[in-house]
Amino acid sequence: MSDCRRDAGVLPAPLLPTTRDARGAGGIRLRRGRGITLRGSWLLAEAEAILYTGSLMAETVLQWASSESGTNPMWIEDTDRYRLTRQGRYLSAVFKRPHRVLSTCRLNGGLREDLTHVANHQSCEGVAHVVREAANAGHGLDEYHRAACAVGGLPPESTALMATAANMQCAVLARAEHADLAVSVVATAGVLGNATRAGDPAGWHEQRGGSRPVERDEGKAGAATVCKRGPSNPERTACALPAPPEAGAGTIVTLVFINQPCTPACLVRAATLATEGKSAAVLDLRMPSLQSARLATGTGTDQLAIAAPLVRADAGDWERHWAGSHNTLGELVGRATHEAVTRCLLLQNGVCAELRRTLCAALGRHGCDESTLRELARTELDPPDANCFEHNLKALIHDPLTAAAAYGLAEILDLVDVGVLHAEVARESILNQASLLAAAVAVKPDDFAYFRDVLQPCVNLAPGRLAALAVVRGFEHKWTSRR
């Protein structure tokens, strides 16, 4: 695809396969199609749908899907440096020239220059699934790696293989370019099973024989300590529940390909930008951590591989030395990663910005969820009003101004937790925003002062419960005149 010029992050015209060309077995030539627009974030399943439903002859489709091994993987990206394909539960890249690879893989990971493949695969379903391959191949990491590589047709000695519960058919390829630089990021992502925030209390501690659950008994000698931060929701900030096991659902896996050689230090810096891009995507969607009441920055099992070709002296190559956010390489890595992860979360988890615009998305991590709202409605309202509240709860939760007020309250709670808002103003700020939330639910913004008086006796409630009470009182007042 090197002959197709793209603005960074945008694929302006579709690329459809024609016939093989002189680049050798499996090579393809691309032509521009009509009537279809593909953006830089290219859903791989959508690409397949375009290929199979467009006005292409069956022979052309078969040429696109064929490979030397006789199997039929989907060709995702084919460059002079690597070929990226997907087949079944496997997404893999085979290098056409030596690459320097930095990865988090426990086998063949770290910094390597002898790998022939990097790959990602679905090793299990997200929930309630025992991995059959692990049982069949034995219980060791080496055995599983070899068995999984065998299934995927990958050489175990030279493959960095990552694992996830995410579906490879939800993978997204995002590209960004500037001048002679091009970055491709293919990602799979899920955050509903074990989203965490950097620094959350951990649930596992690695020992010589493997990982063991962390004991959180503060009174026991040698037990891990938990730092309770902020007054907004200490009981949840302290991580009441154990972390999911390492094999639990929810993993963000990113494979990053840079088209120019990079020094080892540059690859490490690029990896930090890929991590920042991933975290920014999760934060932009205001995804909650499942280990605390704070916003998530990723999951507990995220993995990364980043690759760049080695220098060829006879080709006049030179190594890039920096990939910070002040230069273009860092920008491309961060932007492509952010785009790929954002789209993946929509495909795998049904999470997108529009669907995060709800009351409970904003305050659920602080305890203002549907069950709490129903409970308070039953205790605070007359039975007919409580019944009406429950039957209309979904519409109430999705009301845009209610969601806006709820996110304002969530932000205040976060700022209190980190100390930006000091304790002397915390209670008043929370009360004021809860009153605005009640006024939004009531569709009576001028009644802010009234709701402040109503809620002030309850200001010592946990913030999530105060918010839920504000919603209930606001709904009650919506259909009554001020008393």
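Values in this text are rule-based calculations from the coordinates and carry no lab data. The structure presented is a predicted model; accordingly, all values stated were derived computationally and were not measured. A quick note on method: Cβ atoms are made from the backbone with ideal geometry, for glycine too, and the neighbour counts reach across all protein chains shown.
Available extension along the chain between VAL418 and ALA150 is 91.6 nm, counting 0.36 nm per residue and deducting the alpha carbon span. When peptides 399-412, 178-191, 333-346 are ranked by their average number of other Cβ atoms within 10 Å per residue, the highest-first order is 333-346, 178-191, 399-412.
Determine the sum of side-chain charges near ARG374: Lys and Arg each +1, Asp and Glu each -1, restricted to other residues whose C-beta is under 14 angstrom from that of ARG374. My count for the surroundings of ARG374 gives -3.
Between the beta carbons of ASP142 and ARG374, assuming R0 = 51 Å, the FRET efficiency works out to 0.50 to the nearest 0.05. Residues ASP447, ASP80 in ascending order of nearby Cβ atoms (within 10 Å, fewest first): ASP80, ASP447. Computed from the C-beta positions of VAL425 and THR272 and an R0 of 35 Å, the FRET efficiency is 0.50 to the nearest 0.05.
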